[in-house]
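The values are calculated or read from the model by the stated rules, or taken from the named source; none is laboratory data. For clarity, every value in this text was computed on a predicted model and none was experimentally measured. Cβ placement follows ideal geometry from the backbone for every residue including glycine, while neighbour counts extend to all protein chains displayed.
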């Protein structure tokens, strides 16, 4: 059973963190001319570290892992509490998600394997076509994002770096924060992914922000907020990870 009172307190605290990250991400957006710029402004830089940072987009998580998502979905002004049981094999680009309501009943199941996707919805409220455009895309953006083809790199204050690329009218932006100013720039694991967004016609159409437990020096996010402006829904995700056993070899893709 999920302790919803405890979950609510965690959500409230991390919501504040998320709002801070959103504001920070907006300040550092490089592709939207109408977006305010920080002081001092972003400075476009050329560095060999660009290659490692771009590769790092695909290595924010283990190649294989399981996770439990405690989710608050806001859709059409109503909020629903869901639990997601997730298995990811990034090397094979496989995702398996079982979503249940707060009473334990299965709402839908998504399984991608070898380029094929199977979506089974147990309720008319969540149509398979909508799940394919929303949940499946969210999972791919979170756990299977491809590197940018020809990105530009910009640097802001507080060890923040922005990778961005315009492609087919949409700007994709990845915001990273360097963990320590004393660490080697040319190591992708020295950076935490703080946000991702898509901008079209100078308007944000999709955004993800990440929250970390800094007290425990958390490597992976424990909280994720997603806002889809096109399909008009928001997600607040509290995460628990179950990693492969210690000593398991991880092959870089």
Within the set of pairs 6+ apart or on separate chains, which have a first residue in the stretch 50-69 that is at positive phi, a second that is in a helix (DSSP H, G or I) and modelled with pLDDT of 80 or more, and C-beta atoms under 6 Å apart?
none
Residue check: is residue 164 outside any strand (DSSP E or B) and either modelled with pLDDT under 90 or surrounded by 20 or more Cβ atoms within 10 Å (Cβ to Cβ) (or both)?
no
What are the pairs, 6+ residues apart or on separate chains, where a residue within the stretch 97-110 that is within 12 Å of residue 71 (Cβ to Cβ) has its Cβ under 7 Å from a residue that is in a loop (DSSP other than H, G, I, E, B) and modelled with pLDDT under 95?
102/2; 107/122; 107/123; 107/126
Is there a residue in the stretch 50-58 that is more than 19 Å from residue 124 (Cα to Cα), surrounded by fewer than 17 Cβ atoms within 10 Å (Cβ to Cβ) and modelled with pLDDT under 85?
yes
For the stretch 160-179, which positions are free of Cβ contacts under 8 Å to residues at least 24 places away in the same chain and within 17 Å of residue 148 (Cβ to Cβ)?
165, 167, 168
Any residue that is crowded, with 17+ Cβ neighbours inside 10 Å, within 21 Å of residue 112 (Cβ to Cβ) and at pLDDT 90 or above - is there at least one of those in the stretch 211-222?
no
Go through the stretch 129-159 and count every residue that is within 19 Å of residue 93 (Cβ to Cβ), free of Cβ contacts under 8 Å to residues at least 24 places away in the same chain and surrounded by fewer than 18 Cβ atoms within 10 Å (Cβ to Cβ).
3
Considering 68, 88, which residue is surrounded by 19 or more Cβ atoms within 10 Å (Cβ to Cβ) and within 16 Å of the chain's Cα centre (by Cα)?
88
